[in-house]
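To start, the structure under review is shown below, and the notes come after it.
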Amino acid sequence: MPINQAKVGEQIASLRKQKNLTQAELGERLQISFQAVSKWERGETLPDTAILPDLAGVLETTVDNILFGGEKAVQFKGKLNAKDMAEGINALERVGFLLGRQNLIYTSAIDGISARLNTDIVAMLGDDFLRECLVAEAVIQNIMLGYYFDLTEVRGAFRHEKWYNTVCEYAQRYGIA
């Protein structure tokens with residue numbers, strides 16, 4: 001995720017105000033001028049890296065919180081495979097076949113998934129386009145949780161361009177592409 005100077009400035013100003021500090025008081029605590037603080041808050045400059053830990057300390061936050069403008073910085077947890085996500089979605093249908101579609105375990109699982117996703121999961125599994133939508137949703141959820149996907153590999157997991165493009169949009173938003 002690239003650093004956005006304007007968001008950094010807004011975050012510094014917001015945190016400073018929450019602490020009821022003026023620009024001059026913050027500058028004094030950091031042994032810098034209030035003009036430097038003003039430039040940060042206007043998004044004209046960024047704090048020097050040497051001062052960031054002290055700035056975070058005074059504002060009682062983290063350096064990441066400042067540099068990412070209050071947005072959560074994604075910590076990649078590992079690499080996953082989109083084809084495995086597709087296999088997982090396909091396994092839902094297979095469970096119905098193996099246990100029987102009327103089996104309480106299967107119907108409870110399907111009802112629970114349908115309720116959580118606010119959709120008819122059985123209908124989605126029966127339609128190729130909608131099944132890929134579920135795969136895209138699984139990939140996107142994992143991207144949002146901090147997992148990495150190789151976009152070249154992701155391409156091979158989708159026949160429908162719409163779902164591949166949707167995944168790529170989220171990958172870009174979360175710093176993968």
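Read-outs: derived from the displayed coordinates by stated rules, not from any lab. Fair warning: this is a prediction, and the values are worked out from it, not measured in the lab. Cβ sites come from the backbone with ideal geometry, for glycine too, and all protein chains shown count toward neighbours.
Using the Cα gyration tensor of the chain, with a ≥ b ≥ c the square roots of its eigenvalues, what is the shape: rounded (a/c below 1.5), prolate (a/b larger than b/c) or oblate (neither)? Verdict is prolate for the chain. Other residues lying with their Cβ under 13 Å from the Cβ of L130 contribute a combined charge of -3, Lys and Arg counting +1, Asp and Glu -1. Only helices enter this figure: runs of n ≥ 4 DSSP H residues, each worth -39500 (n - 2.57), summed and divided by the residues of the chain, yield -19500 deg cm²/dmol at 222 nm to the nearest 500. The mean sequence distance of close C-alpha pairs (under 8 Å, at least 6 residues apart), as a share of the length of the range 5-67, puts its relative contact order at 39 percent. For the range 16-28, putting each phi into the Karplus relation 6.51 cos²θ - 1.76 cosθ + 1.60 with θ = phi - 60° gives couplings of 4, 5, 4, 8, 6, 10, 7, 4, 5, 5, 5, x, 4 Hz, in residue order, rounded to whole numbers and with x for Gly and Pro. If you take the square roots of the eigenvalues of the alpha-carbon gyration tensor of the range 5-67 and sort them as a ≥ b ≥ c, do you get rounded (a/c under 1.5), prolate (a/b over b/c) or oblate? Because its axes are fairly even, with a/c under 1.5, the range 5-67 counts as rounded. Shape call for the range 113-169 from the C-alpha gyration tensor, a ≥ b ≥ c root eigenvalues: rounded (a/c under 1.5), prolate (a/b greater than b/c) or oblate? Oblate. The dipole here belongs to the chain: it is taken about the Cα centre, uses +1 on the Cβ of Lys and Arg and -1 on the Cβ of Asp and Glu, and is about 100 debye. Around the Cα centre of the range 1-41, unit charges on the Cβ atoms of Lys, Arg, Asp and Glu (plus for the first two, minus for the last two) sum to a dipole of about 80 debye. Between T62 and T22, the simple spin-label model (points 7 angstrom out along Cα→Cβ) gives 3.3 nm. For the range 78-173, a simple Cβ point-charge model (Lys and Arg +1, Asp and Glu -1, everything else neutral) yields a dipole of about 120 debye relative to the Cα centre.
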